[in-house]
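Worksheet for the structure shown next.
Please treat every number below as a calculation from the coordinates, not as lab data. Please read these numbers as outputs of a predicted model, since none were measured by experiment. Because the Cβ atoms are built from the backbone with ideal geometry, glycine has one as well, and the counts that use them run over all protein chains shown.
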Amino acid sequence: MNTAVSECETQTRKQTPEGEGVMGRTLAEKIWDAHVVHSAEGEPDLLYIDLHLIHEVTSPQAFDGLRAASRKVRRPDLTIATEDHNVPTTGITGPGVPLSGPGSPVTDPVSRTQVEALRKNCAEFGIRLHPMGDAGQGIVHVIGPQLGLTQPGLTIVCGDSHTSTHGALGALAFGIGTSEVEHVLATQTLPQQRPKMMAITVNGALPDGVTPKDLILAIIAKIGTGGGQGYVVEYRGPAVRALSMEGRLTVCNMSIEAGARAGLVAPDDVTFAYLEGRPHAPSGAGWERALEAWRSLPGDDDATFDREVTLDAGLLTPYVTWGTNPGQALPLASSVPDPGSFADPDERAAASRALAYMDLKPGTALRDVSVDTVFLGSCTNGRLEDLRAAAGVLRGRRIAPSIRMLVVPGSMQVRAQAEAEGLDAVFTAAGAEWRAAGCSMCLGMNPDKLAPGERSASTSNRNFEGRQGKGGRTHLVSPAVAAATAVTGHLAAPADL
Amino acid sequence: MEPFTTHTGRAVPLRRTNVDTDQIIPAEYLKRVSRAGFGEGLFAAWREDPSFVLNQPQYAGATILVAGTDFGTGSSREHAVWALTDYGFRAVIAPRFGDIFRTNATKAGLLPVILPEATVAALQDAVESDPGTEITVDLGARAVLAGAAGIKAPFDLDDYTRWRLMEGLDDIGLTLRHVDKVTAFELSRPTWLPVTA
């Protein structure tokens, strides 16, 4: 079904024979080894955590746990908080926008309580917080790189599965649950079992009109939603090297959709150029010392992986999902699959369920699937290049009258940069809504939701049942496909216009 | 954390793969700031269907969930584990789990048991043909037993996690035994590393 992705799988990983010296190490192994605080036979390694990102949803119970045990936050100076998941993206009038009372955009009292809890916890434990309306506010995975806090070689965690995003800069970054959030707050460390290593090598070059989002959707379709389970994935090869930093962020972001807690790209000149001059990047003599350390991070030539997957970027085309997990994706030029075509009975049953939920019939051309909502944003595709790509398609065009299009910058800084370039005017002239920053319609826990039965083309990362609102139907797409879809009213690529 | 040694109970067969954490507990329920009460939101959308397996009276009171592969994929929300335990589940058996869900489960006293697909299917068959089938999950022996169905299946779980679960230990307390090493490590970190302040 998918000729673009050929796998050459190897199980050739060798253990170091005793007395034969040290085997080459991968990038992830080097970062891991540099952060082991304590290791003992039969125990997980205790890793030091360089950066802990927190938000309102997965942290309140962790802070309660600290209070119950009379514990403090060990390193508030390595911790940063933002309000992103449940805050609204309209009515944000600027810094100091009230959380309650007249002029507050927050109407849901339960959401308000959760944001209040984050503010109280950050004040009590001395953690820097970027609240709703603040110029530094945004999606947690957008502001880390933006501030220059996300750097090569760091260990980074957050109570959010898309923490894999930060691996784009050559950091080992992964999502954790609330018990682990409490553990990191209390100790700045985390006990972890050493993961397996997977290499995904992308040869060739992405053709014109094919984006990093299409690449990662193709990868997930190939290895499946559980294919990366137990692994850290390193993305390699000329097509990955050729990606911008923002493109790499998109690819690493969806590693978890293939089951891998972390995905990373070895740092190079693209990484260093991205970081230089950012507020928290090292400067002066520190910059030179950092560069030296960062240049030693890429994996050794003789490093081996537990699994290797190879793709030819040149054969890829725009991808869209048709089902209810991110692995259920196909080239836009194809048709809704017949569940009977799946040999595996589990996949067949899953496809049948997915088509029933999505209200799709086998054999329907994906280009004939009409949507009513287009969402451009999220930690996957809410950065400046994503907005530029979509605006490039919409400039001089109008979205279809039947379409509601939300454009939600990933951070207030992205919003300001887009406005400085006039992108907001392009979106509003086309008929789209220009919003303030947040997770928005990616996850259905703030006012931006699909109504039951509504169908979206969405640049976010999950097409699970009800993900964007109960009963909503999601097709994951790139920003370019999102914009073209908004114009035509059905799934489309810019080349179709 | 409540210790887990051995547990015997009836089971619910959930014949679905890729049960993501958005299905286990939809985002709408994640706004609470306590750990309690999440059972109400467990499989909230699916439970609206009267024929959904959790709504079938023969499975009421079951404490073990037997699910398809890739259970607990997606979001890192530990609320998914809290929803399952609050509802009354003590163990989930599946061929494969999402990594973050599986870690979260072991931190919150819910035992994730990995068994081969054929064994999981046999357990589901046994429970469907006799919902009264009792299954024992014996963590000490690292084995699942369904005597009436003639199933005895060993499972893997690393020694450390098994010990923690059986003792009901708090990870933070365990780590704080090494606090001097943490302090020493901090003194060795390069000065150019970023701080958020």
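Observations on the structure shown:
- Kyte-Doolittle at least -1.0, axis length at least 15 Å by Cα - qualifying DSSP helices, chain B: B:117-129
- Against the rule of thumb 2.2 N^0.38 Å, how large the Cα Rg of region A:168-240 comes out: 1.41
- Couplings 3J(HN,Hα) for region A:229-234, derived from phi with the Karplus relation 6.51 cos²θ - 1.76 cosθ + 1.60 (θ = phi - 60°), are 4, x, 10, 9, 9, 10 Hz, where x marks Gly and Pro.
- For chain B, the spread of Cα positions along the three principal axes, ordered from largest to smallest, is 64, 39, 25 Å.
- Rounded to the nearest angstrom and listed largest first, the equivalent-ellipsoid semi-axes of region A:372-435 from its Cα gyration tensor are 18, 13, 9.
- Set of lysines with alpha-carbon distance to B:Lys181 below 22 Å, sequence-local pairs under 8 removed: A:Lys30, A:Lys72
- Unit charges at the beta carbon, dipole of the protein assembly as shown: most positive-side option, B:Pro13, A:His55, B:Trp192: A:His55
- Debye-sum result for the protein assembly as shown in log10 I(q)/I(0), which assumes one identical scatterer on each alpha carbon, at q = 0.05, 0.07, 0.11 Å⁻¹: -0.21, -0.43, -1.15
- Size of region A:92-212 from its Cα atoms: along the principal axes, largest to smallest, the extents are 56, 43, 25 Å.
- Of the residues B:Arg102, B:Arg16, the one with the fewest other Cβ atoms within 10 Å heads the list, and the complete ranking is B:Arg16, B:Arg102.
- Projecting the Cα atoms of A:Thr165, A:Gly96, A:Leu215 onto the dipole axis of region A:94-219, where Lys and Arg carry +1 and Asp and Glu carry -1 at the beta carbon, places A:Thr165 farthest toward the positive end.
- In terms of other Cβ atoms within 10 Å, B:Trp163, A:Trp294 run from fewest to most in the order B:Trp163, A:Trp294.
- Region A:64-80 - phi-based ³J(HN,Hα) in whole Hz, Karplus 6.51/-1.76/1.60, Gly and Pro as x: 4, x, 4, 4, 4, 9, 6, 9, 9, 7, 5, 10, x, 6, 10, 10, 9
- Here chain A is assigned +1 on the Cβ of each Lys and Arg and -1 on the Cβ of each Asp and Glu. Its dipole about the Cα centre then comes out at about 1100 debye.
- For A:Arg119, A:Arg236, the sequence from fewest to most other C-beta atoms within 10 Å is A:Arg119, A:Arg236.
- Volume of the convex hull of region A:441-497 (Cα atoms only), normalised per residue: 67 Å³.
- Ratio of the Cα radius of gyration of region A:396-497 to 2.2 N^0.38 Å, where N counts its residues: 1.05
- Taken about its Cα centre, region A:387-448 carries a charge dipole of about 200 debye when Lys and Arg each add +1 at the Cβ and Asp and Glu each add -1 at the Cβ.
- Structural descriptor for region A:239-357: relative contact order 16 percent, calculated from alpha carbon pairs under 8 angstrom and at least 6 residues apart.
- Those lysines that a straight Cα-Cα span of less than 22 Å connects to A:Lys470, excepting residues fewer than 8 apart in one chain: A:Lys361, A:Lys449, B:Lys31
- Debye intensity ratio I(q)/I(0), log10, region A:123-186, q values 0.22 Å⁻¹ (C-alpha model): -1.03
- The GluC sites (Glu not before Pro) of region A:419-488 that DSSP puts in a loop, and whose beta carbon has at most 15 other beta carbons within 10 Å, are A:Glu421.
- Sequence-distant residues sharing a close amide H with A:Arg261 (under 5 Å, placed H): A:Gly230, A:Tyr231
- Values of log10 I(q)/I(0), in the order q = 0.24 Å⁻¹, for region A:256-311 under a Debye, Cα-only, solvent-free model: -1.04
- You can think of it this way: the chain between A:Ser104 and A:Ser70 has 8.8 nm of extra reach, that is 0.36 nm per residue less the Cα-Cα gap.
- Cross-link partners of A:Lys213 among aspartates and glutamates, defined as those whose alpha carbon lies under 18 angstrom from its own and excluding same-chain residues fewer than eight positions apart: A:Glu234, A:Glu246, A:Glu257, A:Asp312, A:Glu385, A:Asp386.
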